[in-house]
Amino acid sequence: MFGMYEIDCEGRRYFGNVSLKEFHRFTRNGDTYLFNIEKMTSHKISASTSRNIDSVLYSFGELVPAPMVEELRKIDLIDDPQTENDCGVSDKADTNGRTEKKSEFSVSNIALFVAQTCNMRCVYCYGEGGEYGGKGMMSEETAFMAVDWLMDNSKSAEKVNISFFGGEPLLNFPLIKRTVEYAKGRAAERNKKVSFGMTTNASLLTEEIISFMKEEKINTLVSFDGSADIQNRQRPFADGNGSYDSVIANIQKLLAVFPETTARATVYGDTDPVEIKNGMKKAEFKTFFVIKASPVILTGGNLDASDRAADEDMSRRMMEYKEKEWDGFVETLRNRNADVHQVGQIPEPLVTGEKRYFMCGVGKGLAGISVSGDIYPCHRFAGQEDAKIGNIIDYKVEGINDYHRSVVTNLPRCSTCWARYICGGGCFYDNKSRTGDMRIPDIFYCNETKANAETVIAMYARLDDTDKEYLKGLYRNLVDERLP
């Protein structure tokens, strides 16, 4: 088959067999935008450029005037012959879903369930009150075996990470201290660097614990829902009492030592994300993100019509909230006073140009380890027997598993979606909770993701080159800050 060719005719240049790279075009507030799917670039285009695109699309092999081709080359839309190899199988993907081709398969990040019990009863908890189907405290023997398992199965990786998880991990703080000391020793023996993280509800923080976290550089994520009303309603203590007053006092102690601590808030039911945001700012969090609650798989319940309607209503409110947040972020970028931690509001592939083949490192670069030593593809699947990978006693990471096969390139519905490299195929837990199959996204999720993507693409396309370079600089700083 002939590739694109160039000819002269009556003093004018033309091109034949012109084809375009895969793209998505849409309008927003009267303007037209184009997203180049292969190059991961976004452009605001003129009406004439849009007409030129249509002319090429519907040329049906006819000659295309050179000026038209050159204009489309400016946005890298002309599909010049090239050789690409994209089989959709990743040798390694980090926890952000980026793909890195390597011959070695390893796990370098674990979520360690030191406590499968909790002192709160959050209304949206997907872990059955933090128990995940297996209530209890992790023993020292299991914790140390998990560390050894990580050191062995991280193979040649120079850096590993252990994140303490629950339930509420601080219910087992003595074990955390012993595990940190043991892990540092084992890492030194292997010439590895080990870093630590923790997800906590902040209710049990003390001066001693905060001092230990500072000494060991434990990166902490605080689960907190903002305002007193929302926190007390959505995150009560196990005895039914509100948790806001206790938690906010501890948060102030934590922020005094770790001012950059990140918080995560959850939208549930008719919760207003703007009220959450205001509560987060009042608590003086510089960095926080707001997510919507996921359906709970462990209870065996499925979304009925009323659940789905509520879920969709919640999604619409979140989309409106995000659009306002993104508009505000643009202004901070243009004024050059954006905080490095705000970069997370922009989908990483748009900033870096790197395609996302996976939503995260689920089942590949990371694993969740329960109190009994069972291994799961991530912390969210703990307690789900059909998702269990093995046990630290005898399971070894060897070669490709099903999690290395990208949904983006292997599922027909995803492989033809224009937003696939932004989305990465969705969260496997959320997929399973809504469709019953972790590899099949819910249609409403797909529509929500594409609507959000269009909003951000349009926003990103309005930035000039200096704005984008400033944004990339912020992103590089954020990556450096997160490195162990």
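The values are calculated or read from the model by the stated rules, or taken from the named source; none is laboratory data. All values reported here derive from a predicted model rather than from experimental measurement. Here the Cβ positions follow ideal geometry from the backbone for every residue, glycine too, while neighbour counts run over all protein chains shown.
I need the full set of residues from region 23-43 which are surrounded by 15 or more Cβ atoms within 10 Å (Cβ to Cβ), in a loop (DSSP other than H, G, I, E, B) and either on the phi < 0 side of the Ramachandran plot or at pLDDT below 90 (or both), in order please.
Correct list: I37, E38, K39.
Residues K364, K396: which one is surrounded by fewer than 19 Cβ atoms within 10 Å (Cβ to Cβ) and either basic (K, R) or over 29 Å from A293 (Cβ atoms) (or both)?
Checking each option against the conditions leaves just K396.
Test of understanding: among A111, A115, A93, which residue is modelled with pLDDT of 90 or more and farther than 20 Å from S294 by Cα?
None of the others qualify; the one that does is A115.
Scan region 55-77 and give yes if some residue there is at pLDDT 75 or above and within 30 Å of R439 (Cβ to Cβ), otherwise no.
no
What are the residues in region 200-213 that are surrounded by fewer than 19 Cβ atoms within 10 Å (Cβ to Cβ) and either outside the structural domain of A238 (by TED's automatic domain parsing) or within 21 Å of the chain's Cα centre (by Cα) (or both), if any?
None; the set is empty.
Within region 172-202, how many residues turn out to be in contact with a Leu (Cβ under 8 Å, 6 or more places away or on another chain) and not in a helix (DSSP H, G or I)?
So the answer is 5.
Scan region 220-243 for residues that are among the hydroxyl-bearing types (S, T, Y) and closer than 10 Å to A283 by Cβ and report the count.
Step one: of region 220-243, the residues among the hydroxyl-bearing types (S, T, Y) are 220, 223, 227, 243.
Those still in the list that are closer than 10 Å to A283 by Cβ too: 227.
Qualifying residue count for the region: 1.
Mind checking whether some residue in region 229-236 is in contact with a Leu (Cβ under 9 Å, 6 or more places away or on another chain) and either among the polar types (S, T, N, Q) or at positive phi (or both)? Full working, then the answer.
In the first step, residues of region 229-236 are kept if they are in contact with a Leu (Cβ under 9 Å, 6 or more places away or on another chain); the result is none.
No, every residue in region 229-236 fails to be in contact with a Leu (Cβ under 9 Å, 6 or more places away or on another chain) and either among the polar types (S, T, N, Q) or at positive phi (or both).
Report the residue count in region 180-199 for those that are over 27 Å from the mean Cα position of the chain (by Cα) and among the hydroxyl-bearing types (S, T, Y).
Number satisfying all stated conditions: 1.
When the residues of region 112-169 are filtered to those that are part of a loop (DSSP other than H, G, I, E, B) and among the hydrophobic types (A, V, I, L, M, F, W, C), which remaining residue is surrounded by the most Cβ atoms within 10 Å (Cβ to Cβ)?
M138
Quick test of your reading of the structure: G424 fulfils all but one of (1) closer than 21 Å to E331 by Cβ; (2) touching a Phe, Trp or Tyr at 6+ places or on another chain (Cβ under 6 Å). Name the failing condition by number.
(1)
Within region 416-462, how many residues turn out to be within 29 Å of N337 (Cα to Cα), surrounded by fewer than 18 Cβ atoms within 10 Å (Cβ to Cβ) and not basic (K, R)?
Here the count works out to 2.
Would you say V147 is out of contact with any Gly (no Cβ under 8 Å at 6 or more places or on another chain) and not small (G, A, S)?
So V147 passes the test.
Taking region 44-64 on its own, how many of its residues are assigned to a helix (DSSP H, G or I), surrounded by fewer than 16 Cβ atoms within 10 Å (Cβ to Cβ) and not acidic (D, E)?
6
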